[in-house]
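Presented below is the structure to which this report refers.
The values are calculated or read from the model by the stated rules, or taken from the named source; none is laboratory data. The structure presented is a predicted model; accordingly, all values stated were derived computationally and were not measured. Heads up, the Cβs are rebuilt from the backbone with ideal geometry, glycines too, and the neighbour counts pull from every protein chain shown. All accessible areas refer to the heavy atoms of the entire protein, side chains included, with ligands and DNA or RNA removed. Shrake-Rupley method; radii C 1.70, N 1.55, O 1.52, S 1.80 Å.
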Amino acid sequence: MKAHVEERGDGVTVYRNDPARPPIAVEEPQTLTPRAKVIFALIALVGAIAWAMIAIVRGEDVNAVWFVAAAVCTYVIAFRFYARLIEYRVLQPRDTRMTPAEEFENGKDFMPTDRRILVGHHFAAIAGAGPLVGPVLAAQMGYLPGTMWIIIGVVFAGAVQDYMVMHMSIRRRGRSLGQMARDELGAVGGWAAIVGVLTIMIIIIAVLGIVVIGALAESPWGVFSVGLTIPIALFMGVYLRYLRPGAVNEISIIGVVLLILAILAGGWVHNSPTLAETFTLDKVTLAWLLIIYGFAAAVLPVWLLLAPRDYLSTFMKVGTIVLLALGILISMPTVQMPALTQFGRDGTGPAFAGSLFPFLFITIACGALSGFHALISSGTTPKLIEKESQARMIGYGSMLTESFVAIMALVAAVSIDQHIYFAMNAPAALTGGTPEAAAEYVNGLGLMGPGGAALQNIDPALLQQAAVDVGEKSIISRTGGAPTLAFGMSEVMSFLGGSGMKAFWYHFAVMFEALFILTTVDAGTRVARFMFSDAIGNIPGLGRFKDPSWRVGAWICSLIVVAGWGSILLMGVKDPLGGIYTLFPLFGIANQLLAAIALTVVTAILVKQGKLKWAWIPGIPLAWDLIVTLSASYQKIFSDVPAIGYFANHDKFVAARDAGKILAPAKSIEDMEKVIRNTMIQGWLSIIYAVLVIVVVVAALVVMVKAARAGGLPTSEAEDVPSKIFAPRGFRATPAEQAVLDEWAQAGLDPTPVGRPH
Amino acid sequence: MGSGRPRSNPGRATPLTDATITSRVRAAARTLRWYVRGVTGADAYERYCEHLTRTHPDEPLPAERDFWREKYADQERNPKTRCC
């Protein structure tokens, strides 16, 4: 069916699918007005000055506001120019087509949704604990490498992936990434992608579990207040089911108030000797509690625990991000970390092992490029979007916001005292665990200020006082990133309530990270169980597993999934080197490999569509991502350096055990056995991930070569169904779009069934 | 009750009397409510009813309680992932 085209002067074209009704699409010229040119030139100039201040001028006092300016200006320019290039030249959205939301509208999961609401919805779905943790760990290498990767990475890799996957899923009736991989790359590539997603989910849950345990171990305040989130969520669930169904925001506000009370109550627990004793739990106990909780949460009904906690975490997420942004802008902290530390040069940092390349780029995954987003961008959001052209604002735009969250986390981490940062992030095997030993350790690091001057040695009392200020017994070796971020946030937020409020803000930050992570543990276990039961349902005789309402099957599969991540979690918390140090790289590799799968699918589709000359747009981030992840995997598998290579470490400990020796950090022969077993498992996980991705990429290359030779191949793109609705593409309607909206109003019609923008 | 964004006044310059300030504050509050309810999904029932009356006017509307039960049951059958 051919659309009716009408030229409106000034290069504006409007389209109608039904000549009797108002237009359903507007196309405008890409040229900028003189005023817009001046504005963008000014933004570019401010951005350039900010970049110069942080990258070249540096000096003794670098203010954190420059980071915010460099990030925001770069985002604006990238969104206006690079994202638009992708839109006009590569993806070429057609608003005359129906989106899945319009075509299959059922009032539930398929439903056209106002673009401004959808942007919030999509952002809430992609933002989690990842962008807050990775940058904090990467800060050990200095502020500059992390900042550059977060900002440049999002512009050329992360946002491109999210945007392109979203567009392609819209064109394929909202299919998921796994389904698209199967359709476009054939059975082998599709199968490898699904196994990849499943195993990656397991490792991600385990590592997030280690992060939350790192924040709660030996912290009665944290354990008590985070523990209270469970009864609060249960209460909310019962309220929504039996008392006032649908009163989501009402109960969420009640829930948030209860959460704040729980944080305050945690302070009393902390100060009461008997209660503090009861709620002081070690890592292994917490790991078992988390495993039991994860299983219970995954088999309990959604309405009772998952749904209410999800509402809470959405509120807390948005609230915390806004508070953090305000805090940074108001308190304008000065950066304490140099642009590049000695650990950035030699790769011997204590927070995670390995050199800047490739390990910085896998440590900061979310925030720059996160494969997990491809799972949200395909499937969920495409079923809600009104117009194809809105994917730029929703896909590319939301990812820019997530990158901004990562920048704020980095700023919070680099603006705390370096001694405190390293005392918190080095494993106990290095710091010794006591203030005296830790002070000796950090004083021996030879730390330097941003201007290159050696830092003065600290007194152990400083570390003890810092712990007292935030209501903790100790801040030494609180690895995992979450406690450091919480500490940074307590300093940034001290403009509100002064230093007396530090402990509150610290536990506020711990609480919201724990909420995020508990939701991911629960939801991730459910998704993994679903995928697992679907997969084993294909085995003859086990077909019943495919039925999701079969409770016994759901229990068995949940148990298997929980056993999977639970064993890695226990392995991590018992690891003498600290789980974060050894396992965080696997988490990053897993997430980045998922991104590689997503970018591969996207590139293959472009080549099949005969857009070979634009394949570089997803192709360059794909190549970069493959270089980073495969060389990191290679080092993790083949490096001779025990600190980096899993198998090298394995061999070292096996040789020592056989010689009857005990190597530090192990303290006993059991510790030795643990290290030997853990390194073997970690090494094999690295191999599995690398092989899966190579299979996907080879399958895609075969398809691409075939397609390039034939000058294009058919893809699984759905047929063009003419749209009947209209909505602007950006936040604000342009004058030409407003004119069309006015036509709808004059005709007495709603341009779209939901959301009446004015 | 419709689920669309509340209509605001056209941007005409009106003198700032107490009445116009109150009405503007009300309009802003309505917009905020519309937005928050949209993002958290609290408006799901209204939107479903609106959808049903528009596309299948003969079908009876579900009770709000039953709608939410069904919605969570759906979530149970089709789990959605959260990001890390």
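Criterion applied to B:V39, B:V25 was being out of contact with any Cys (no Cβ under 7 Å at 6 or more places or on another chain), of a type in the set (A, V, I, L, M, F, W, C) and within 11 Å of another protein chain (Cβ to nearest Cβ), and the one residue passing it is B:V39.
So for region A:138-151 (the condition being over 19 Å from A:V628 (Cβ atoms), open to solvent by 10 Å² or more (accessible area, probe 1.4 Å) and not in a loop (DSSP other than H, G, I, E, B)), does at least one residue qualify? No, region A:138-151 has no match at all.
Here's the yes/no breakdown for (1) among the basic types (K, R); (2) under 26 Å from A:G319 (Cβ atoms); (3) surrounded by fewer than 18 Cβ atoms within 10 Å (Cβ to Cβ):
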residue: A:F516; (1), (2), (3): no, yes, no
residue: A:V521; (1), (2), (3): no, yes, no
residue: A:S533; (1), (2), (3): no, no, no
residue: A:N538; (1), (2), (3): no, no, yes
residue: A:L542; (1), (2), (3): no, no, yes
residue: A:A554; (1), (2), (3): no, no, no
residue: A:A563; (1), (2), (3): no, no, yes
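The condition of being touching a Pro at 6+ places or on another chain (Cβ under 9 Å), of a type outside the set (G, A, S) and outside any helix (DSSP H, G or I) holds for only one of A:E87, A:E6, that being A:E6. The numbered conditions (1) at the interface with chain A (Cβ under 7 Å from one of its Cβ atoms); (2) open to solvent by less than 70 Å² (accessible area, probe 1.4 Å); (3) modelled with pLDDT under 60 are all true for B:R7 except (2). One residue stands out in region A:347-378 among those that are open to solvent by 10 Å² or more (accessible area, probe 1.4 Å) and either within 14 Å of chain B (Cβ to nearest Cβ) or closer than 24 Å to A:I476 by Cβ (or both): the one that is nearest to the chain's Cα centre (by Cα), namely A:L375.
On inspection, A:G481 fails the criterion of being open to solvent by 30 Å² or more (accessible area, probe 1.4 Å), at pLDDT 90 or above and at positive phi.
Among the criteria (1) part of a helix (DSSP H, G or I); (2) without any contact (Cβ under 8 Å) to a residue 60 or more places away in the chain; (3) more than 18 Å from A:L577 (Cβ to Cβ), the one A:L626 does not fulfil is (2).
Please enumerate the residues belonging to region A:210-227 that are of a type in the set (A, V, I, L, M, F, W, C) and within 12 Å of A:E472 (Cβ to Cβ). Give the derivation first.
First, the residues of region A:210-227 that are of a type in the set (A, V, I, L, M, F, W, C): A:210-213, A:215-217, A:221, A:223-224, A:226.
Listed by number, the residues that qualify are A:A215, A:L216, A:A217, A:W221, A:V223.
A:F295 fulfils the conditions (1) within 14 Å of chain B (Cβ to nearest Cβ); (2) in a helix (DSSP H, G or I) except for a single criterion, (1). When region A:213-222 is filtered for residues that are in a helix (DSSP H, G or I) and buried (at least 24 other Cβ atoms within 10 Å of the Cβ), the ones remaining, listed by number, are A:I213, A:G214, A:A215, A:L216, A:W221, A:G222.
Which residue out of A:I204, A:I253, A:I210 is under 30 Å from A:G481 (Cβ atoms), open to solvent by 30 Å² or more (accessible area, probe 1.4 Å) and in contact with a helix residue (DSSP H, G or I) (Cβ under 9 Å, 6 or more places away or on another chain)? It would help to see each step written out before you state the result.
On the way: A:I204 fails: open to solvent by 30 Å² or more (accessible area, probe 1.4 Å); A:I210 fails: open to solvent by 30 Å² or more (accessible area, probe 1.4 Å).
Just one listed residue meets the conditions, A:I253.
Would you check which residues across region B:42-58 are of a type in the set (D, E), open to solvent by 30 Å² or more (accessible area, probe 1.4 Å) and within 11 Å of chain A (Cβ to nearest Cβ) and list them? Passing the criteria: B:E46, B:E50. For region A:174-192, the criterion of being at pLDDT 95 or above, in a helix (DSSP H, G or I) and closer than 30 Å to B:G41 by Cα is met by none of the residues. Would region A:259-268 turn up any residue that is open to solvent by less than 10 Å² (accessible area, probe 1.4 Å) and in contact with a Leu (Cβ under 6 Å, 6 or more places away or on another chain)? Checking region A:259-268: at least one residue is open to solvent by less than 10 Å² (accessible area, probe 1.4 Å) and in contact with a Leu (Cβ under 6 Å, 6 or more places away or on another chain).
Scanning region A:530-589 for residues that are among the hydrophobic types (A, V, I, L, M, F, W, C) and free of Cβ contacts under 8 Å to residues at least 60 places away in the same chain yields A:F530, A:I536, A:I539, A:L542, A:F545, A:W550, A:V552, A:I556, A:C557, A:I560, A:A563. If only residues of region A:420-444 that are outside any helix (DSSP H, G or I) and free of Cβ contacts under 8 Å to residues at least 60 places away in the same chain are counted, the one that is surrounded by the fewest Cβ atoms within 10 Å (Cβ to Cβ) is A:G444. Taking (1) of a type in the set (S, T, N, Q); (2) part of a helix (DSSP H, G or I); (3) under 24 Å from A:F530 (Cα atoms) in turn, A:N106 satisfies each apart from (2).
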